[in-house]
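Notes follow the structure.
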Amino acid sequence: MFNLNFKQRLYQRYWQFVSNYLDKRQPAGSTVTLVQKLIFILPTRYGWWFFLLIILMYLLGTNYQNNLILLLCYLLLSVFLLSITMCYLNMSGLTLSTAKPAEGFVNSDIEPEILTSSAKQHMMLQFSLVQHSQLITMPQLERSVRFSFTGKERGRFALPRIKISSQYPFGLWRAWSYIALDQIYWVYPTPMAQITKDNDVDIDDKPQSTVQSGDTLTPYRPGDSIRHMVWKRLARDPFNPVVRQQLTSPQAAPNWVVVPALTGEALERALRQACQQLLTLEQTGKKYGLQLPHQTLPQSSGSIHLQRCLQELALC
């Protein structure tokens, strides 16, 4: 365990140093073209053994003064050096540009798309996102590259750097580049299948005296506001506190989605409920609005309005 944590910290420091260097060398942009300063080339493991073989054959040829062996060494060395140029040209000129920001829900697949273009043909390119395990291999360049990974938490995130690599044509050299695009993706709260009342809460015979219309009683959880505490119920049963959750605003129209001022798990639960409400209202085709503790979005409808509401939930 200690060695694993040490390796992780060492890798994080190493990547932080590399990221600072890359940020100065290639800041994020909407369109990036691979040029000489962005492409790095080194021999592969097979390439190093190939070069060592050339050296051994050259020493053998000079020791025995065998011209055929020397001629073979020069031929192999020419192939070795020529593959540098071919490997570089295979990546040079490739242009990457941003597309529509990707979006998805927590614990679901996020699929950002990157557009590619070039005036020439590129062979055997590999694409991957930094610190992600997915590797996309393209025998021939396509118009776009679509990645896929799971959104872990809600919010607005910048797309990690894209690693492009190739060992074309002979696998002796490996060229790679880390490209930063000014691309973002959104992760929204996971919508609940339906908003239901907690059946485990024992309600009084006359709930109208303590619960307002449009409210529901739920067990108290860390993060719930104490202003919603049902104090009369707490006096009778101090070991099972409950809170009053208001599903709709008393002054608002029926199609308002309200997120109260909460924190912690209570806030996440309210956001999941609000997300489900937004999706349901959008399917009905009616106008709806969103009320947040710090902002209110007016009532409207359509995919653009839904997207804006979900983005505000992600940033809440």
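Just so you know, all these numbers are worked out from the coordinates, no wet-lab data involved. Keep in mind that what you see is a predicted model, and the values were worked out from it rather than measured. Cβ atoms come from the backbone with ideal geometry, glycine included; neighbour counts cover every protein chain shown.
Key figures
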read-out: Taking region 9-125 and dividing mean pair separation by its residue count, relative contact order in percent (alpha carbons under 8 Å, at least six apart); value: 26
read-out: Label of the coordinate-derived value, P(r) over Cα pairs in 20 Å bins from 0, in percent, listed as (i) 23, 37, 25, 11, 4, 0; (ii) 28, 46, 22, 4; (iii) 33, 57, 9, 0; value: (i)
read-out: Neighbourhood net charge (9 Å Cβ-Cβ; Lys/Arg +1, Asp/Glu -1) for Leu129; value: +2
read-out: Residue order, fewest to most beta carbons within 10 Å, for Leu10, Leu306, Leu262; value: Leu10, Leu306, Leu262
read-out: Candidates Ser133, Ser83, Ser108, ranked by Gaussian network fluctuation over the chain, Cα under 10 Å, top entry; value: Ser133
read-out: Extreme residue, positive dipole direction of the chain, given options Gln36, Tyr46, Asn66 (C-beta unit charges); value: Asn66
read-out: Nearest-0.05 FRET efficiency for Leu77 and Tyr21, computed from C-beta distance (R0 25 Å); value: 0.20
read-out: Rg ratio (alpha-carbon, reference 2.2 N^0.38 Å) - region 25-188; value: 1.34
read-out: Residue-span extension gain [Met192 to Met229] - 0.36 nm each, minus C-alpha spacing; value: 10.9 nm
read-out: Fluctuation leader among Gln16, Gln134, Gln283 - the chain, Gaussian network, Cα springs under 10 angstrom; value: Gln16
read-out: Assigned charges on the beta-carbon of Lys, Arg, Asp, Glu; the chain dipole about Cα centre (debye); value: 760
read-out: Given Lys37/Lys152; Lys120/Lys163; Lys232/Lys287; Lys152/Lys232; Lys7/Lys163; Lys24/Lys100, the pairs whose alpha carbons are separated by over 29 Å; value: Lys37/Lys152; Lys232/Lys287; Lys152/Lys232
read-out: Charge context of Thr296, other residues only, Cβ under 13 angstrom, K/R +1, D/E -1; value: 0
read-out: Chain lengthening between Ala158 and Leu60 when straightened (0.36 nm per residue, less Cα-Cα); value: 29.7 nm
read-out: The chain, helix-only ellipticity at 222 nm - DSSP H runs n ≥ 4, -39,500 (n - 2.57), divided by all residues, nearest 500; value: -11500 deg cm²/dmol
read-out: Angle in degrees between helix 45-64 and the longest Cα principal axis of the chain, rounded to the nearest 10; value: 10
read-out: Relative exposure of Thr218, Thr150, judged by other C-beta atoms within 10 Å (fewest first); value: Thr150, Thr218
read-out: Order of Cys316, Cys87 under a 10 Å beta carbon neighbour criterion, fewest first; value: Cys316, Cys87
read-out: The chain - percent relative contact order, Cα under 8 Å, separation 6 or more; value: 15
